[in-house]
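The values are calculated or read from the model by the stated rules, or taken from the named source; none is laboratory data. Remember, it's a predicted structure, so these values are computed and weren't measured experimentally. Backbone-built Cβ (ideal geometry, glycine too); neighbour counts: all protein chains shown.
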Amino acid sequence: MQCLPSLRHMNGSLLFTVFSLIFFGLINSAQASLFDDILQALKNMVDCSSCHATLVTLQTAAFQGDDTFNSVFIQLCDALKLADPDVCQGTLSTTGPIIAHDLRSINASDQTAGRLCDALFGFCSSNVSTPFTVPLPPPKANNAPPVPPSERREPFQVVHISDVHIDREYTVGAEANCTKTICCRNFPDQAGRNITEPAEPNGNHNCDSPISLADSMLEAVNDINPKFVIFTGDVVDHANWLSNQLDVTNDLEEFNADLLLKVNTQVFPSLGRHHDSSPVNAFARKTSMTANDSQWVFDLESAGWEQWIGNQASDQVRHDSGSYAALVPETNLVILSVNTQYWYKQNFWLYDSDEFQPDPNDVLAFMVGQLQAAEDAGQKVWVIGHIPLGSEDIMEDQSNYYDQILQRYKDTIVGQFFGHSHKDQFQIAYSNYNEQTAANAVSAALIGPALTPTSGNPAFKVYDVDPDTFSVMNMRVIFSNTSDPSFQVEPKWELLYDARETYGPLVGLPDDSELTPAFWHNLTKVFEKNNTAFQLYNTFLSRGSLVKACDEACKSNTICDQRAFRSENNCDTPSGGVSLGRRDIGSSFSFVDDECEGSGIRSLLYEMRAKLQT
């Protein structure tokens with residue numbers, strides 16, 4: 001058998017597993033040869049060039065069909081003990097066919113293949129965008145910058161919630177310290193085992209949000225009595241390997257019903273990431289030659305959100321791939337909700353064509369149309385979405401093109417709000433990224449923390465908003481302390497910090513000033529010199545729980561990322577093959593694959609390569 005010479009170089013455990021599979025007829029000799037070829041390719045992958053070579057090997061498996069492609073990787077996952085067998089099976093059997101489809105559709109040496117290498121293995125990431133000029137209407141000749149009001153009126157409050165990740169199968173008394181990426185469930189393969197850490201009523205850091213915790217947060221939101229609520233996505237739990245369309249549908253519908261029943265004000269939602277679709281990461285482009293699409297998600301949320309956003313915006317959700325624009329009643333403020341999933345590196349449907357597609361599903365064009373309409377009407381706009389445009393896992397191309405739109409409409413866009421990282425963060429956009437100064441700071445994106453305890457203490461944000469300019473005057477973070485003895489009886493929601501009180505004195509913020517982009521830039525200057533202030537920020541990232549140590553190198557990366565609301569400017573280019581432990585948030589910067597992805601295929605492939613090269 002041709003594969004034997006290289007098989008003998010495997011470690012003993014893996015070699016025994018392969019021969020056992022062959023002996024018991026679970027893989028035939030041809031599949032064993034393919035198994036060996038892929039194994040060697042993964043072991044030899046050390047840079048971008050060898051990653052392209054690996055894709056050639058993977059194409060061979062893809063052209064033998066989805067079943068063969070899935071089978072080889074499932075057996076590798078099992079043989080290397082990367083995860084429990086059900087996690088290997090579920091993750092790779094749902095995502096594997098999308099990757100196999102990609103490999104059958106592209107040239108393994110072309111640019112798209114390089115992007116796929118980045119998405120799967122962390123190689124070939126260049127932080128360079130493809131040159132493209134977004135078609136934009138010219139600005140009005142007399143379009144002067146806005147003039148602040150001479151006297152400010154009383155601000156109104158807006159609540160920002162994100163990444164609730166409600167596990168509707170959370171079971172009190174189930175194992176909270178399990179072998180999977182998410183626990184506190186009665187998993188069939190763990191039946192009969194002794195419970196070492198029973199799940200308590202209101203959550204655990206190894207588990208997603210129980211319904212009781214989500215209900216408690218919504219009650220706390222009502223106590224704020226906000227004018228409206230923004231929700232920046234991710235409803236479904238992290239048990240990705242079990243994801244199916246029926247369960248995702250039920251989760252989305254139930255959360256919409258919860259918001260309607262339990263929140264006493266209007267809600268403006270945005271689509272979450274891959275968790276809110278099935279299979280995970282499955283947002284196919286209109287140009288994809290496949291029967292798979294996400295129209296069922298858009299139809300579902302169009303109906304579910306209509307009660308808040310109205311008929312016209314609801315129709316946009318259905319026909320504009322999940323994006324919409326809606327006017328806040330009794331104001332001159334438009335909420336522009338954009339579906340960021342078509343710019344997300346882990347949406348593997350983005351790699352099934354070598355044709356350059358600068359605006360998948362015309363999301364950017366939709367933005368331009370709505371922003372121009374707002375400018376013509378003299379309205380202001382808040383952009384909300386799930387993934388911040390400076391994150392490492394956003395495509396450099398679309399992040400750059402989004403920035404072009406932002407620069408054109410910087411006087412119309414007065415707020416930007418995102419989630420996804422599970423952390424309390426901000427990112428600044430500049431008119432000139434080569435000269436990052438307070439004077440060049442044109443916008444700041446505020447990133448909401450998560451409800452799910454997997455990332456720290458559950459939290460949400462409250463903004464004080466000027467009723468004339470619609471700019472943020474202050475930001476407060478409300479959290480529930482999981483280490484409080486009363487948490488498991490009844491979570492208490494209290495102030496963690498007040499941005500104006502905590503950060504204002506550090507930068508000399510005037511009493512009547514907004515939290516401008518210049519304010520956030522000046523705060524990063526303080527962080528560079530004042531390590532005590534920076535370490536306080538680092539503690540706030542996870543709301544005082546699961547705090548990760550952040551040394552000078554980490555601090556430098558974090559500040560770089562704060563100044564990068566354009567992904568090509570961040571400092572998070574991954575080094576290929578770095579293995580991130582499951583449930584590991586990583587560093588304080590924005591590489592969020594394991595934390596937000598759960599048991600994603602990228603984390604499995606990273607760990608697979610790491611084990612093969614040790």
Tell me, please, whether a residue that is within 30 Å of residue 115 (Cα to Cα) and surrounded by 16 or more Cβ atoms within 10 Å (Cβ to Cβ) can be found in segment 373-380.
no
Of all residues in segment 317-344 being polar (S, T, N, Q) and part of a helix (DSSP H, G or I), the one that is surrounded by the most Cβ atoms within 10 Å (Cβ to Cβ):
340
Pull out all pairs, ordered by first then second residue, where Cβ-Cβ is under 8 Å, the residues are six or more apart or on different chains, the first lies in segment 215-226 and is free of Cβ contacts under 8 Å to residues at least 40 places away in the same chain and in the same structural domain as residue 480 (by TED's automatic domain parsing), and the second is surrounded by fewer than 16 Cβ atoms within 10 Å (Cβ to Cβ) and in a helix (DSSP H, G or I).
none
Pairs please, first residue from segment 82-106 and not assigned by TED's automatic domain parsing to the domain that holds residue 56, second anywhere and crowded, with 21+ Cβ neighbours inside 10 Å and at pLDDT 95 or above, Cβ atoms under 9 Å, 6+ apart in sequence or on different chains.
none
What pairs come up if the first residue lies in segment 505-520 and is on the phi < 0 side of the Ramachandran plot, the second is modelled with pLDDT under 95, and their beta carbons are under 6 Å apart, counting only those six or more places apart or on different chains?
512/152
What residue, of 403, 397, is surrounded by 24 or more Cβ atoms within 10 Å (Cβ to Cβ), out of contact with any Asp or Glu (no Cβ under 6 Å at 6 or more places or on another chain) and among the charged types (D, E, K, R)?
403
For residue 362, work out the one condition from (1) within 18 Å of residue 268 (Cα to Cα); (2) in contact with a Ser or Thr (Cβ under 9 Å, 6 or more places away or on another chain); (3) not in a loop (DSSP other than H, G, I, E, B) it doesn't fulfil.
(1)
Being touching a Ser or Thr at 6+ places or on another chain (Cβ under 7 Å), surrounded by 18 or more Cβ atoms within 10 Å (Cβ to Cβ) and among the hydrophobic types (A, V, I, L, M, F, W, C): is that true of residue 541 here?
yes
From 33, 50, grab the single residue that is hydroxyl-bearing (Ser, Thr, Tyr), part of a helix (DSSP H, G or I) and either assigned by TED's automatic domain parsing to the domain that holds residue 245 or over 25 Å from residue 350 (Cβ atoms) (or both).
33
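Yes/no per residue for (1) under 28 Å from the mean Cα position of the chain (by Cα); (2) surrounded by 14 or more Cβ atoms within 10 Å (Cβ to Cβ); (3) at pLDDT 90 or above:
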{"site": "1", "(1), (2), (3)": "no, no, no"}
{"site": "18", "(1), (2), (3)": "no, yes, no"}
{"site": "24", "(1), (2), (3)": "no, no, no"}
{"site": "35", "(1), (2), (3)": "no, yes, no"}
{"site": "40", "(1), (2), (3)": "no, yes, yes"}
{"site": "61", "(1), (2), (3)": "no, yes, yes"}
{"site": "77", "(1), (2), (3)": "yes, yes, yes"}
{"site": "88", "(1), (2), (3)": "yes, yes, yes"}
{"site": "92", "(1), (2), (3)": "yes, yes, yes"}
Filtered residues of segment 431-483 (kept if charged (D, E, K, R) and farther than 23 Å from residue 386 by Cβ)
435, 464, 466, 468
Considering only segment 209-216, I want to know if a residue exists there that is in a strand (DSSP E or B) and under 20 Å from the mean Cα position of the chain (by Cα).
yes
Evaluate segment 245-257: report whether one residue or more is hydrophobic (A, V, I, L, M, F, W, C), free of Cβ contacts under 8 Å to residues at least 60 places away in the same chain and buried (at least 17 other Cβ atoms within 10 Å of the Cβ).
yes
Looking at segment 65-110, which of the residues that are out of contact with any helix residue (DSSP H, G or I) (no Cβ under 7 Å at 6 or more places or on another chain) and not in a helix (DSSP H, G or I) is nearest to residue 294 (Cα to Cα)?
65
Can you name every residue in segment 498-508 that is surrounded by 15 or more Cβ atoms within 10 Å (Cβ to Cβ), of a type outside the set (Gly, Ala, Ser) and out of contact with any helix residue (DSSP H, G or I) (no Cβ under 6 Å at 6 or more places or on another chain)?
498, 500, 502
Every residue in segment 505-525 that is farther than 16 Å from residue 441 by Cα and in a helix (DSSP H, G or I), please.
505, 506
Can you find a residue in segment 546-557 that is touching a strand residue (DSSP E or B) at 6+ places or on another chain (Cβ under 7 Å), part of a helix (DSSP H, G or I) and either among the hydroxyl-bearing types (Ser, Thr, Tyr) or in contact (Cβ under 8 Å) with a residue 40 or more places away in the chain (or both)?
no
Here's a check for you: in segment 471-495, which residue that is closer than 18 Å to residue 212 by Cβ and hydrophobic (A, V, I, L, M, F, W, C) is surrounded by the most Cβ atoms within 10 Å (Cβ to Cβ)?
479
